[in-house]
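The values are calculated or read from the model by the stated rules, or taken from the named source; none is laboratory data. Just so we're clear, the structure is a prediction, and the values are computed from it rather than from any experiment. Backbone-built Cβ (ideal geometry, glycine too); neighbour counts: all protein chains shown. For accessibility, only protein heavy atoms count, side chains too; no ligands or nucleic acids. Shrake-Rupley method; radii C 1.70, N 1.55, O 1.52, S 1.80 Å.
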Amino acid sequence: MSTLYAVMSRSDVRGLLMRHTDARVTEDLVTTWLSGLAGYSVAECHAAMTAMGTGARRATPSDVAGSCDAARDRDAEAASPVPAFSPAAAPQQRRGGQVASDRDYHRQAGMRGIRAAYERMGWQRNADHDLARSVECPFCKAKAWAVCGPLSRNRAGVREPRDKTTRMHPSRLERARAQLARQAATQDQENTR
C-alpha cells in the first residue's frame, strides 16, 4: 500500500531553506532543491532537517531525501504485521502504548514457565499463591497476576503483613476464594437450568 504525500511548492522549499540553512536563497537554489525533494512532503523534510540539527545548514537535497527515506522505512517496519502473541484479535491500546492483552499474556506465560520449572525440579508449588495472584489486591492495590508489594501498613493505619507461604496479603487470598466461590455458584445455577 503506497502512501500519498503532498507535493511541495516553491514557497515551501524557500521556507525550508530559510529556516534550516544559512544559504542565500535564490531561484536556482529553490529549483535544485525542489527537483531533489520531489515526492517528499514539507513535514517530512522539516522533520529530517530538524533531526540533522546544526548539520542541516550544510545539507544537500540528497541528504534530506535519504533521511526522509530512512524515516519512511522505520514507519513501514513499525506498521508491518507482527506475529500475534495472543489469540485475541485486535487488542485495545492503552495510554502507555503497551497492549493490555499482550501484557496479560506475557504474565501468564511467565507463570506457566515457573510452574513447568517447579514440576521439572520436583518442587511443591503453593496453589494458593496462583489463586491469590488471579485477582487485584485490596490492601496494596497490586494488579492481577502481579506480586503484592512489601506494604504492611496502609495510610489508614491498618496493618496486614504478607503471608509467608503465599507471599501475598491475606485479604487478597480471601478475595480470590470469594470470587472462585461466586463463579462456582454461577456455574451450578447455569447447569441446573
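Figures for the structure shown
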read-out	value
Per residue value of the accessible surface for the stretch 1-71 (all protein chains in place, 1.4 Å probe), Å²	60
Projected label distance in nm at Q183 and R155, using a 7 Å step from Cα toward the beta-carbon	3.2
Under Karplus coefficients 6.51, -1.76 and 1.60, residue-wise ³J(HN,Hα) of the stretch 27-36 in Hz, glycine/proline x	5, 5, 5, 4, 5, 4, 5, 4, 6, x
Cleavage-rule hits (trypsin sites (Lys or Arg not before Pro)) in the stretch 133-184: DSSP loop, at most 10 neighbouring Cβ within 10 angstrom	R155, K164
Accessible surface of the stretch 121-193 [probe 1.4 Å, protein heavy atoms]: carbon and sulfur percent	51
Whole-Hz ³J(HN,Hα) from phi, Karplus 6.51 cos²θ - 1.76 cosθ + 1.60, for the stretch 155-168, glycine and proline x	5, 7, x, 6, 9, 8, x, 6, 6, 6, 7, 8, 6, 10
Surface accessible to a 1.4 Å probe, per residue, for the residues of the stretch 111-191, Å²	69
